[in-house]
Amino acid sequence: MGRIPASTGTWIGIILLLIMGMDMARTSAELENKSSSAGLFWSTAKEEGDLVHKAGPADDSTAASEDLDGGFSSLDGMLQWAIGHSDTAKLKETAQDVQRLSPSELKQRQLELKELVEKLKMPSDAQLMQIALDDLNNSSLSLEDRHRALQELLILVEPIDNANDLCKLGGLVVIIRELNHPDTDVRKISAWILGKASQNNPFVQKQVLELGALAKLMKMVKSSSADEAIKAFYAVSALIRGNAAGQELFYTEAGDKMLQGILSSPGVDIRLHRKAVFLVADLAECQLENIDHTEMPFFSNHFFLKSVVDLTASTDLDLQEKALVAIKNLLQLRTTEAVVFKDFCGLGDALEKMKQQLEDLMLEEYHRDYAMDVEGLRKEVELIFQAKLGKGVRVPT
């Protein structure tokens, strides 16, 4: 990455030379007709330190600034930065030194300084990603530097264009390889990167799935490290949400058993419970939106449904809300049976207990608004449940 030189005087000289050269290098005759400031003037005494460039209609600095632009938005931006970090007396002295240069000397200095500015240009996001990937491909890289490279990629892949560029750079292969690293944090951040890159991005989803990362990520969900498991589950969700091929592969890899195992285990980190039940709600919603597709058998599995209903007994309002959304979607599927929800899952009793709990919470000012919102959702679920019970044992297909 380009760095600002330690001496701001260096930058001042560079910028003054480049800007003044645009005016001074035209002809020596023009130089004689210029004011003593040679295209630069001092403003009022109050602002004596502010050096401003006069740009007329025929000024060609715009084109030049586009060529020289690096870490600054424009050459003018570079000038303003240099002025703002300069000493007034030194700035005047530098300007006078520049004015003493002959046109040929100025021309030569311009060429030299242009090369320097090019070297100092800020690299693009793609270049930064390539640098990080090169680091990760270095077998002698320290663990600390490996973490740093991964953290940089985690930030860079946020924009969808950058995520696509990561694919084109061959970065997915590198990141997926890091899922096998012995260090927990390396595996965790790598999974996180894949999740971010895949989020709502069919192009990346397809590449990651074809590289076989889903099965590895699903195994990582069982990690003894809660943070690793959560980031791996995040990546799994990002890969299959809104992706039919990803969902089919997820089911083939026994994703339903993975979900049920998480939902039915009281010792699992509550953050993983939330993510798992949220994914269930999303998968059921996807099924509702694609009514022509055959519904997956696990949606009507009695034990699976009970594991979702049991989450309504949690004291965590966020988890309760997510469980209600999942139950709402599951109730509307063709293959789920109302009597199973009633007799095997105990949904009626669960909804009644939740009602009492929410009424108590509504007495507390801190929880009132949120509890009222959850109660509205609970009532909606209760109405759907009662309507489905009224249709008989099974909703007609």
Residue by residue through the stretch 252-268, note down the ones that are modelled with pLDDT of 90 or more and exposed (fewer than 15 other Cβ atoms within 10 Å of the Cβ). Thr252, Ala254, Lys257, Ser265
Odd one out for Thr312 among (1) of a type in the set (S, T, N, Q); (2) in contact (Cβ under 8 Å) with a residue 40 or more places away in the chain; (3) farther than 19 Å from Leu383 by Cβ: (3)
Looking only at the stretch 282-299, and only at residues there that are modelled with pLDDT of 90 or more and surrounded by 15 or more Cβ atoms within 10 Å (Cβ to Cβ), the one that is nearest to the chain's Cα centre (by Cα): Asp282
Answer yes or no as to whether Leu324 is over 30 Å from the mean Cα position of the chain (by Cα), at pLDDT 95 or above and hydrophobic (A, V, I, L, M, F, W, C). no
Would you pick out the residues in the stretch 376-397 that are among the charged types (D, E, K, R) and modelled with pLDDT under 95? Lys388, Lys391, Arg394
Could you list all residues from the stretch 198-234 that are among the aromatic types (Phe, Trp, Tyr) and crowded, with 20+ Cβ neighbours inside 10 Å? Phe233, Tyr234
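For every residue, the table says whether it meets (1) part of a helix (DSSP H, G or I); (2) within 17 Å of Ile175 (Cβ to Cβ); (3) of a type in the set (Gly, Ala, Ser); (4) out of contact with any strand residue (DSSP E or B) (no Cβ under 9 Å at 6 or more places or on another chain).
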position: Leu209; (1), (2), (3), (4): yes, yes, no, yes
position: Ala215; (1), (2), (3), (4): yes, yes, yes, yes
position: Tyr234; (1), (2), (3), (4): yes, yes, no, yes
position: Ala245; (1), (2), (3), (4): yes, no, yes, yes
position: Glu248; (1), (2), (3), (4): yes, no, no, yes
position: Met258; (1), (2), (3), (4): yes, no, no, yes
position: Ser265; (1), (2), (3), (4): no, no, yes, yes
position: Leu272; (1), (2), (3), (4): yes, no, no, yes
position: Lys275; (1), (2), (3), (4): yes, no, no, yes
Any residue that is assigned to a helix (DSSP H, G or I), basic (Lys, Arg) and farther than 21 Å from Met372 by Cα - is there at least one of those in the stretch 293-309? yes
Leading residue by the ranking (surrounded by the fewest Cβ atoms within 10 Å (Cβ to Cβ)) among those in the stretch 142-158 that are assigned to a loop (DSSP other than H, G, I, E, B) and at pLDDT 95 or above: Ser142
Every residue in the stretch 357-375 that is assigned to a loop (DSSP other than H, G, I, E, B) and loosely packed, with under 15 Cβ neighbours inside 10 Å, please. Leu363, Glu364, Glu365, Tyr366
What is the one condition in (1) under 21 Å from Ala238 (Cβ atoms); (2) surrounded by 14 or more Cβ atoms within 10 Å (Cβ to Cβ) that Asn180 does not satisfy? (2)
Residue list for the stretch 342-356, restricted to those being farther than 13 Å from Leu324 by Cα and crowded, with 18+ Cβ neighbours inside 10 Å: Cys345
In the stretch 357-372, the residues that are under 33 Å from the mean Cα position of the chain (by Cα) and in contact (Cβ under 8 Å) with a residue 40 or more places away in the chain: His367, Tyr370, Ala371
In the stretch 317-337, is there at least one residue being touching a Pro at 6+ places or on another chain (Cβ under 9 Å) and either assigned to a loop (DSSP other than H, G, I, E, B) or buried (at least 18 other Cβ atoms within 10 Å of the Cβ) (or both)? yes
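The values are calculated or read from the model by the stated rules, or taken from the named source; none is laboratory data. As the structure is a computational prediction, the values presented were derived from the model and not from experiment. Every residue, glycine among them, receives a Cβ derived from its backbone with ideal geometry; neighbour counts consider all protein chains shown.
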